[in-house]
Amino acid sequence: MQDLVIGNGPIVTLGSDNRIITNGAISIRDGRIQEVGEISDFIGKYPGARFIDARGRLIMPGFINTHMHFYSSFARGMALDGFAPKDFQQILEQLWWRLDKALNLEDTRYSALTALTECIRKGTTTVIDHHASPNAVAGSLDAIAEATLKAGIRACLCYEVSDRDGKDVAKQGLEENQRFIQRCQSDESAAGLLSAAFGLHASFTVDDDTLKKAAAICEKTGAPVHVHTAEGMVDVKTSLERFGARPVARFERAGLLSRTALLGHCVHLDESEHDLLAQRPAWVLHNPQSNMNNAVGTAPIPKMIDRGVKVTLGTDAMTNDMLQELRVFALAHKASTGDPLGIRFDQIEQVFCRNNARLASEVMGIPVGTIAPGAAGDVVLLSYVPPTPLTIDNFLGHLLFGMVGTRVDTTIADGQVLMEDGVLQTLDEAAIAARSRELAPKMWQRID
């Protein structure tokens, strides 16, 4: 792989030591950032490297989505007879649990490829995904992995184990997770680009026996669990009625919170659960647009942060645009509380600029989400020309109220150019869209 130098624009490094370099440059070798500094220090220093001229465009780390569902891409434009949900459980039953049963392996692959083209276009270079296809379980994670590796995007994948489709499907899910975890742990060629978690749907659809088996696999492999948690009240009520514990307490009882745990949504946790999560190596994956769309409420994220809970931002497949999700994140907590200071700038910065990178670095096994020597060579160029001074103190204001909606011109991951000046380099977007338009209607016809 040819060495890269990207420069001639302002750099925002993000990470634990976020700073702005007014006219900076970055060198990347073998997928890792080697040097970061003023462009004047790079003159004549890397004669064999390819130079990408930022031309004054903003240089930032690639964005990170901590909770995604690639498989949902074919839901766009789909009409369902009798779809009239009154609550979150009916949304699951009438839409998502019907769609996921209709997926085959080719649908799974092209659903992922569709989303990945958009990830590249929006500058998202790392995705933590959560998959379900009950009638095509075996090999489903390989199909997604094939797509992510082709795209050049970093991905942490898992299969969503559930008892809702019967014990045989649950068993297949357990086996698919274990097999894929072992593949990722032994495949050195994909290290840093591909990793695995152990996926569970949610407490209310996973019986004690299945939960016990899942916990044993996590213990044996060291893999983190990735599970929806108290997204809707049905999860809390069913967990209490059937298993005698709220979701977080149930996962603690099973031993799933003793290592890294990825808990999606967490809208309806109580304060005891907040305190427990603050004491464990657990992460709350916040998805504000999805929560609004499903009318499940707004998680009290500012309170969680102040209690010491680690929170990250995901999209739950509502979008592949992390800047769009960021703005909704900033506005949702003001709207839900009626308080203009319902969430503080320092809390937003902690989640988006630091925590997303911290979690992704944990699950991918290399430092991502920052422009610093030794970090992953994941870089985006944004066509943002600040109309007012851009400083480290006012950067978040520019990010929230200026950069959202800005075109991402160039996306680089692992030192590989995935898109340059708006042209995708690793994926044939038109061919993917054409094949997806053939597959999606056939999948819709299979929905019961």
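The values are calculated or read from the model by the stated rules, or taken from the named source; none is laboratory data. A quick note: this is a predicted structure, and the numbers were derived from the prediction, not measured. Positions of Cβ are backbone-derived with ideal geometry, glycine not excepted, and every protein chain shown enters the neighbour counts.
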### Task
Filter the strands (runs of 3 or more DSSP E) completely within the range 1-63 down to those with at least 1 residues that are surrounded by 19 or more Cβ atoms within 10 Å (Cβ to Cβ) and touching a Phe, Trp or Tyr at 6+ places or on another chain (Cβ under 8 Å).
4-12, 20-29, 58-61
#### Entry: From N23, N8, N18, residue being within 22 Å of N356 (Cα to Cα), polar (S, T, N, Q) and in the same structural domain as L381 (by TED's automatic domain parsing)
N18
### Query
Just a yes or no: is a residue in the range 420-440 crowded, with 23+ Cβ neighbours inside 10 Å and at pLDDT 95 or above?
no
### Task
Collect the residues in the range 313-328 that are part of a loop (DSSP other than H, G, I, E, B) and either of a type in the set (D, E, K, R) or in contact with a Ser or Thr (Cβ under 9 Å, 6 or more places away or on another chain) (or both), keeping them in residue-number order.
G314, T315, D316, A317, M318, N320, D321
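Residue-by-condition table, conditions (1) free of Cβ contacts under 8 Å to residues at least 12 places away in the same chain; (2) closer than 27 Å to C353 by Cα:
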site: I128; (1), (2): no, yes
site: N135; (1), (2): no, no
site: G139; (1), (2): no, no
site: L149; (1), (2): no, yes
site: D165; (1), (2): no, no
site: D168; (1), (2): yes, no
site: Q178; (1), (2): no, no
site: I181; (1), (2): no, no
site: D187; (1), (2): yes, no
### Query
Got a number for residues in the range 199-226 being part of a loop (DSSP other than H, G, I, E, B) and within 22 Å of the chain's Cα centre (by Cα)?
3
### Query
Do we find that N287 is over 22 Å from D87 (Cβ atoms), at pLDDT 95 or above and in contact with an Asp or Glu (Cβ under 6 Å, 6 or more places away or on another chain) in this structure?
no
### The lone exception for E106 - which of (1) touching a Lys or Arg at 6+ places or on another chain (Cβ under 9 Å); (2) modelled with pLDDT of 95 or more; (3) not in a helix (DSSP H, G or I) it fails
(3)
### Task
Please tell me if V351 is assigned by TED's automatic domain parsing to the domain that holds W283 and surrounded by 21 or more Cβ atoms within 10 Å (Cβ to Cβ).
yes
## Note on the structure
For the range 227-242, the count of residues that are of a type in the set (D, E) and under 26 Å from the mean Cα position of the chain (by Cα) equals 2
### Message
Can you confirm whether D339 is outside any helix (DSSP H, G or I) and out of contact with any helix residue (DSSP H, G or I) (no Cβ under 6 Å at 6 or more places or on another chain)?
### Response
yes
### Task
State which residue is surrounded by the fewest Cβ atoms within 10 Å (Cβ to Cβ) when the search covers only the range 229-270 and only residues that are under 19 Å from H286 (Cα atoms) and of a type in the set (S, T, Y).
T260
### Query
Based on what the data block shows, is G82 part of a strand (DSSP E or B), over 28 Å from the mean Cα position of the chain (by Cα) and either small (G, A, S) or under 30 Å from A145 (Cα atoms) (or both)?
no
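Yes/no per residue for (1) free of Cβ contacts under 8 Å to residues at least 24 places away in the same chain; (2) in a loop (DSSP other than H, G, I, E, B); (3) over 21 Å from H130 (Cα atoms); (4) within 19 Å of the chain's Cα centre (by Cα):
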{"residue": "V267", "(1), (2), (3), (4)": "no, yes, no, yes"}
{"residue": "H274", "(1), (2), (3), (4)": "no, no, yes, no"}
{"residue": "A278", "(1), (2), (3), (4)": "no, no, yes, no"}
{"residue": "L285", "(1), (2), (3), (4)": "no, no, no, yes"}
{"residue": "Q289", "(1), (2), (3), (4)": "no, no, no, yes"}
{"residue": "V296", "(1), (2), (3), (4)": "no, yes, no, no"}
{"residue": "A299", "(1), (2), (3), (4)": "no, yes, no, yes"}
{"residue": "M304", "(1), (2), (3), (4)": "no, no, yes, no"}
{"residue": "V311", "(1), (2), (3), (4)": "no, no, no, yes"}
